[in-house]
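None of the figures in this text is laboratory data; all of them are computed from the coordinates on show. Values in this document were obtained by computation on a predicted structure and should not be read as measured data.
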Amino acid sequence: MNPKLHKVSLNPHDSIHVQMNMGNNIFQQWHFHDECEVLTIRKGTGKIFIGDHVSSFQEGDVFVIGSNVPHIIRTDHNEDDRYPDEVIFIHLAPDMLSSMMAVPENRRLHDVFLKASSGIKISSAVSSLIAQLIKNITYARETERLILVLQIISAISNIDEFELVSSTSLKLRFNNNDDTRLNKIYNYTLLNFQKNITLKEVAALVYLGPHSFCRYFKSRTRRSYSSFLIEIRISHACKLLSDTDYSMSVVSYESGFMNVSNFNRQFKIFKHKTPLEYKKIYHSEMAKQVLN
């Protein structure tokens, strides 16, 4: 997707970089880097783009993003200065991970981080443990920091189920000239997905005609713009189904769908279940976690 190379500020003598970003300082640009990234959402909600996929996130979610996988995080912009959005990032040097995965005892670690080349999302009960370890690492130094990283990696490698959030087949062609174009498209779509977006208006953002825009977007993302837009709308609908008691018609309208029947059809295509089934399963899982 032609993201921008981001240079992580790793000290030459360090293999671990930890960074806490808050409020408007959260890095919100389509980018990639050599380092593997583990991040947790401490406060806030929003959407994260990893490779060719978009996913909603909420407090407590943990993501693992492999080396050179393009990604961007967009929060819902909490305007209350007393409770700003907060994300903690850990970047692990490639040499460090390679050395650790070469150890026979770390066979499961190798399998998990191989899958992380696509990006994985952890939102199960174990994510709270990992999130707490990530928080602790912000205060640790040197050997203590390394021990916490090992604990985080161990917890991740022992997870039996997690969500793959990108396609392993995505092949990127880096071109810095496209960075501004794609960011314009993403920003505009995220700000306007609840309204009717025409190809003509989004194409005009990057000075292309509709047909040229469709070819351009698909050549860079391996998907159509309409599919990309629908996935953002479905992602927002999932958040509403999880967090509110809105009727299906309200969820449909608030997510940018013009009628409920189309909403139900598209939701099942993307999530392999109806919105009502999704809502019931989500609340059932939440109830189990409370009981446990």
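Side notes on the structure shown:
- ³J(HN,Hα), Karplus 6.51/-1.76/1.60, whole Hz, each residue of the range 243-260, x for Gly, Pro: 9, 10, 10, 4, 5, 4, 5, 6, 4, 4, 5, 5, 9, x, 8, 7, 8, 5
- Note that the range 210-275 shows a convex hull volume over its alpha carbon atoms of 87 Å³ per residue.
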